[in-house]
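To start, the structure itself, in structure tokens.
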Amino acid sequence: MSSISDSTAAASTDTPLVAVGDAHAPDREGIWHAVREALRGSHRDYTQGSVSRAIFILAVPMVLEMVMESVFAVCDVFFVSKLGASAVATVGLTESWLTLIYAIAMGLAVSVAAVVARRTGERDRDGAAHSAAQGILLGLGVALVLGLAGGALAPKLLGAMGAAPDVIGAGSTYARVMLGGNVVVVMLFLINAIFRGAGDAAIAMRVLWLANAINIVLGPCLIFGLGPFPKLGVTGAAVATTIGRGTGALFALSRLLKPGSRVDIHGRHFHFDPKLIGRLLQLGWSAALQMLIGMCSWIPIIRVLSSFGSNVLAGYTIGIRVVIFALLPALGVANAAATMVGQALGAKKPERAEHAVKVAVKYNAGVLTAIGVTLAIFAPWIAQLFTNDPAIVPYATNCLRIVACGFPFYGVGMVVGQSFNGAGDTRTPTLLNFVVFWCWEIPLAFVLAKVLGWGPTGVYIALAIAFSTYAISGATLFRRGTWKVRRV
């Protein structure tokens, strides 16, 4: 990262985490004060004051939000794994298609969050509210189309991924519910992104905690038929997820429309605005393409792994869920950096935006290095928490150990990629995703697994190499500073 040219700004951004207005307060007291402010919800101006403190206050609820998402991901596969390898394979194969929906939802969320953050930094509250409302209208339209297509084609989509007949028979209903009910996912992503763009990360945290808490409690009840609940098997996991996230989306919408919200939306903001919708689409299609390119790259990876059998696929699904559990909190720090970048650029403070990214990179790299070492050491015991099947545990262990080797780089890549998006520069990470994942990762995985005969191990090595390549390339491009040019 290039150094900050304004030494005065640099000095002000290095203020320690102390209580506001009390420069002599002990650092520890300052940290706890910041934690309380972060969890309570802060209405501070993130374009001024200490960058470290701002990143911390934004990141705490975002990290906790991602922690709950991680807990859900692990709990979900934990309960489903009790149904056998076919059920776990169903989840893994369906999620390879769900990534398409997630990619589109995240692309829309990136575009709306970037515009809301920029308008917030410019102190244009009406513009932020109007952009948020138009983004919601756009998201509803997209979700309707995706839901109809996914629900109707679910069995064929499983078959296209190489699912065995028993997996298709047992998992079609699961796939229909998950793909057809995607509107709850789109709305959850979109509305939470609006809150983050405006700097109200605490609300987004509460929304996701509510959604996933319902999901975690309801999941085993519907999967195993506990108490008065019907026994739905793997389909129960899909129903619980849809109910939980649907409840979260409704709660998020109620808070967004509540008088006094940081994004003060009124009925007039929902009047269809073709020009603004067009701008959101222009920014969003690139962001969605970015996510699609990255997430769709998992489809051929899954396809290669599925050729080695259901046990390999089940081991990979368990291993990658644990990896997600470890990495999602780091995405919270990356989202905090994106909000800081968008608002700082709106306030015409590019040096502040750059410093925020450097602080977030240091946080993520340090924490993920420790987590990666922990996963590599305890991989066998972690895998056995999910299954005792001796045919699956070795594959899950191998996945964890190899992918964990790249953890120091993954956090850097997350921060840099999200920071480009927060600035409205969605093209650079889109190009990075295409080159790194499609032109590098997928061919490398095939060569290592099939040509050289390394099997699943070759795929895991390719994953670690590709994500590390993304981090190094992204950091190099970020130093050029082209993201500072106005785009939203």
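A Förster radius of 60 Å, combined with the Cβ-Cβ distance separating L385 from Q282, puts the computed FRET efficiency at roughly 0.85.
Quick one: pull the percentage of alpha-carbon pairs in the chain with a separation above 44 Å. Roughly 11 percent, rounded to a whole number. Between A213 and A149, the FRET efficiency from the beta-carbon distance, with R0 = 45 Å, is close to 0.90.
Helical runs assigned H by DSSP (4 residues or longer) give the chain a calculated mean residue ellipticity at 222 nm of -26500 deg cm²/dmol, each run adding -39500 (n - 2.57) before division by the residue total. The range 268-305 and the range 435-458 have Cα centres spaced 27 Å apart. The angle between the Cα long axis of helix 183-198 and the longest principal axis of the Cα atoms of the chain comes to about 30 degrees, rounded to the nearest 10. Compared with the dominant principal axis of the Cα atoms in the chain, helix 350-384 is inclined by about 30°. A simple spin-label model places the labels of H43 and H271 2.8 nm from each other, with each point 7 Å out along Cα-to-Cβ. Per-residue packing, averaged as other Cβ atoms within 10 Å, sorts the ranges 140-148, 49-57 into the order 49-57, 140-148, beginning with the highest. Extension gain for K484-K362 works out to 41.8 nm (0.36 nm per residue, less the C-alpha to C-alpha distance). The residues packed around A211, meaning those with a beta-carbon under 15 Å from its beta-carbon, carry a net charge of 0 if Lys and Arg are +1 and Asp and Glu are -1. Assuming a ≥ b ≥ c are the square roots of the Cα gyration tensor eigenvalues, decide whether the range 135-257 counts as rounded (a/c under 1.5), prolate (otherwise, with a/b larger than b/c) or oblate. It comes out oblate by the Cα gyration axes.
Here the chain is assigned +1 on the Cβ of each Lys and Arg and -1 on the Cβ of each Asp and Glu. Its dipole about the Cα centre then comes out at about 680 debye. The count of lysine pairs in the range 51-484 whose Cα atoms are under 16 Å apart, excluding pairs fewer than 8 places apart on the same chain, comes to 5. Dipole size of the range 108-252 about its Cα centre, with +1 on Lys/Arg Cβ and -1 on Asp/Glu Cβ: approximately 40 debye, rounded to the nearest 20.
Rounded to the nearest 0.05, the FRET efficiency derived from the C-beta distance between V451 and F378 at R0 = 22 Å is 0.10. Sorting the segments 413-419, 369-375 by their mean number of nearby beta carbons within 10 angstrom, highest to lowest, gives 413-419, 369-375. Once a ≥ b ≥ c are taken as the square roots of the eigenvalues of the Cα gyration tensor of the range 218-325, is the result rounded (a/c under 1.5), prolate (a/b larger than b/c) or oblate (a/b not larger than b/c)? Judged from the Cα gyration tensor, the range 218-325 comes out oblate (a/c at least 1.5, b/c at or above a/b). Apply the a/c threshold of 1.5 to the C-alpha gyration tensor of the range 52-150 and tell me whether it is rounded, prolate or oblate. Since a/c reaches 1.5 but b/c is at least a/b, the shape of the range 52-150 is classed as oblate.
Here the peptides 304-314, 452-462, 185-195, 353-363 are ranked by packing, the mean other Cβ count within 10 Å, and the order with the highest first is 185-195, 353-363, 304-314, 452-462.
The numbers here are math on the coordinates, done by the rules we state, and not lab data. Since this is a predicted model, take the numbers as computed values, not measurements. Counting neighbours? That spans all protein chains shown, and the Cβs are built from the backbone with ideal geometry, glycine included.
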